[in-house]
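*Asks:* Attaching a single structure in structure tokens format; questions to follow.
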Protein chains: 2
Amino acid sequence: MNGSVSLALVHFPVLDRRDAVVGASVTNLDLHDISRSARTYGVQSFYVVTPFADQQQLVREIVEHWTTGHGGNNNPDRCEAFSLVRLVDSVADAIDDSTRFFGERPLVLATSARRQENTIDVGTLAGEQKKNRPLLLLLGTSWGLAPEIVRQSDHTLEPLMASGSYNHLSVRAAAAIILDRLWVALS
Amino acid sequence: MNGSVSLALVHFPVLDRRDAVVGASVTNLDLHDISRSARTYGVQSFYVVTPFADQQQLVREIVEHWTTGHGGNNNPDRCEAFSLVRLVDSVADAIDDSTRFFGERPLVLATSARRQENTIDVGTLAGEQKKNRPLLLLLGTSWGLAPEIVRQSDHTLEPLMASGSYNHLSVRAAAAIILDRLWVALS
């Protein structure tokens, strides 16, 4: 990925099953799976987005255990993966931090299980990447990113669907597939 | 996938971190994530392989909750996904059951984070699928499938690696990526 792709897992604002905008709690295994996938595909930073103090404390404890703590000593592969985690309050902060890091504002790409007005396919996206445009991928927990985040993004990646109409992948599976497709399109 | 791909998540025999052959415990989120990915990609059956009575009981309780129980009523998408789960004692039983279902012995495909003597790439595999040869994909929990399972399989899928040398994906992420690559190669 040329080190120019970052990824944010958004816990607020997201939708619940009734399309209300809510904050979701952090899932331990999301951090493990997505940081491991991010490390595999050469992602620059893995932003964990939550404004809630107790949830931020939980993220810090998990990350510390797997980097500087006992888990990290015992399992260097997890340490490498968790070293990518950056804890931020909001999507805006993830954009700001990645803009500072990349030296320019990244293309901000929402993901959604529904087709949106600003949908882009992975081939077109890979074309942007080949022009060395950095990229920030936003993944929503719960029932997905709130509409305001989708609208404010530059594009939304086309929904991940296979032959049928069932598209209820976990965010962990979706993150892995999106990184793999992007990597294949860039190779 | 023409309805001719099945998948087995193996909890015994698998390797631990010191390459000893052990039995791994069942992880709730493996069942959720992999059944959802299996449903998305049109997988026929999702075998959960464990010979341990207490672990089998746990799998039954989880599956019942999400199919005939409260979870299934409340969330039909999970019900659809969990309906694919078949609980079996061994890899041999998964092969027997899928042979009965498909009407012929499927191509048995191991997966491994290490390159094996019988390695096959996803393109060649898609070619077999196009000849309507049914396929049973074996995924190992813990540190991966025991060598006896890899040796007894017809082939082993090439390791999932991207640009670097890090290949420590979760089994949930690996399952999703393998199904997506196979689906793309068949499309």
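*Asks:* Please work out if A:Ser98 is more than 14 Å from chain B (Cβ to nearest Cβ), surrounded by fewer than 20 Cβ atoms within 10 Å (Cβ to Cβ) and among the small types (Gly, Ala, Ser).
*Replies:* On the way: more than 14 Å from chain B (Cβ to nearest Cβ): yes; surrounded by fewer than 20 Cβ atoms within 10 Å (Cβ to Cβ): no; among the small types (Gly, Ala, Ser): yes.
Taking the combined requirement at face value, the residue does not satisfy it.
*Asks:* What number goes with the only condition from (1) of a type in the set (Gly, Ala, Ser); (2) open to solvent by less than 20 Å² (accessible area, probe 1.4 Å); (3) in contact (Cβ under 8 Å) with a residue 12 or more places away in the chain; (4) over 21 Å from B:Phe12 (Cβ atoms) that B:Gly72 does not pass?
*Replies:* (3)
*Asks:* Then there's this: Out of the residues in segment A:135-165 that are among the charged types (D, E, K, R) and outside any loop (DSSP other than H, G, I, E, B), state the one that is least open to solvent (accessible area, probe 1.4 Å).
*Replies:* Once the filter is applied, the top-ranked residue is A:Glu148.
*Asks:* A further question follows. Can you tell me which residue in segment A:4-25 is nearest to the chain's Cα centre (by Cα), limited to those that are assigned to a loop (DSSP other than H, G, I, E, B) and within 14 Å of chain B (Cβ to nearest Cβ)?
*Replies:* A:Ser4
*Asks:* If I go through segment A:168-181 residue by residue, how many of them are open to solvent by less than 10 Å² (accessible area, probe 1.4 Å) and not in a helix (DSSP H, G or I)?
*Replies:* 1
*Asks:* Consider segment B:34-67. How many of its residues are more than 24 Å from A:Asn167 (Cβ to Cβ) and free of Cβ contacts under 8 Å to residues at least 40 places away in the same chain?
*Replies:* Qualifying residue count for the region: 11.
*Asks:* Looking at segment A:163-175, I want the residues that are over 17 Å from B:Glu80 (Cβ atoms) and more than 7 Å from every other protein chain (Cβ to nearest Cβ) and have a partner that is part of a loop (DSSP other than H, G, I, E, B) and modelled with pLDDT under 90 with Cβ atoms under 6 Å, at least 6 apart or on another chain. Which pairs are those?
*Replies:* A:Ala174/A:Leu160
*Asks:* Can you tell me which of B:Ser83, B:Ser25, B:Ser90, B:Ser35 is open to solvent by 60 Å² or more (accessible area, probe 1.4 Å), modelled with pLDDT of 95 or more, farther than 21 Å from B:Ala126 by Cβ and of a type in the set (Ser, Thr, Tyr)?
*Replies:* Values: B:Ser83 fails: open to solvent by 60 Å² or more (accessible area, probe 1.4 Å); B:Ser90 fails: open to solvent by 60 Å² or more (accessible area, probe 1.4 Å); B:Ser35 fails: open to solvent by 60 Å² or more (accessible area, probe 1.4 Å).
Just a single option satisfies the conditions, and that option is B:Ser25.
*Asks:* Determine if segment A:45-61 includes at least one residue that is modelled with pLDDT of 95 or more and of a type in the set (Gly, Ala, Ser).
*Replies:* Checked segment A:45-61: at least one residue is modelled with pLDDT of 95 or more and of a type in the set (Gly, Ala, Ser).
*Asks:* Then there's this: Please go through (1) closer than 30 Å to B:Gln152 by Cα; (2) basic (Lys, Arg); (3) touching a residue at least 24 places away in the same chain (Cβ under 8 Å) for B:Arg100 and return the number of the only condition it doesn't satisfy.
*Replies:* All conditions are met except number (3).
*Asks:* Among the numbered criteria (1) in a loop (DSSP other than H, G, I, E, B); (2) among the hydrophobic types (A, V, I, L, M, F, W, C); (3) over 17 Å from the mean Cα position of the chain (by Cα), which single criterion is violated by B:Val184?
*Replies:* Of the numbered conditions (1) in a loop (DSSP other than H, G, I, E, B); (2) among the hydrophobic types (A, V, I, L, M, F, W, C); (3) over 17 Å from the mean Cα position of the chain (by Cα), the odd one out for B:Val184 is (1).
*Asks:* While we're on this one: Residues to consider are A:Phe52, A:Phe46; find the one that is of a type in the set (A, V, I, L, M, F, W, C) and within 13 Å of A:Leu7 (Cα to Cα). Walk me through how you get there before you give the answer.
*Replies:* On the way: A:Phe52 fails: within 13 Å of A:Leu7 (Cα to Cα).
On inspection, the qualifying residue turns out to be A:Phe46.
The values are calculated or read from the model by the stated rules, or taken from the named source; none is laboratory data. Here the structure is a predicted model, which means the values were calculated and not measured. We place every Cβ from the backbone using ideal geometry, glycine too, and count neighbours over all the protein chains shown. For accessibility, only protein heavy atoms count, side chains too; no ligands or nucleic acids. Shrake-Rupley method; radii C 1.70, N 1.55, O 1.52, S 1.80 Å.
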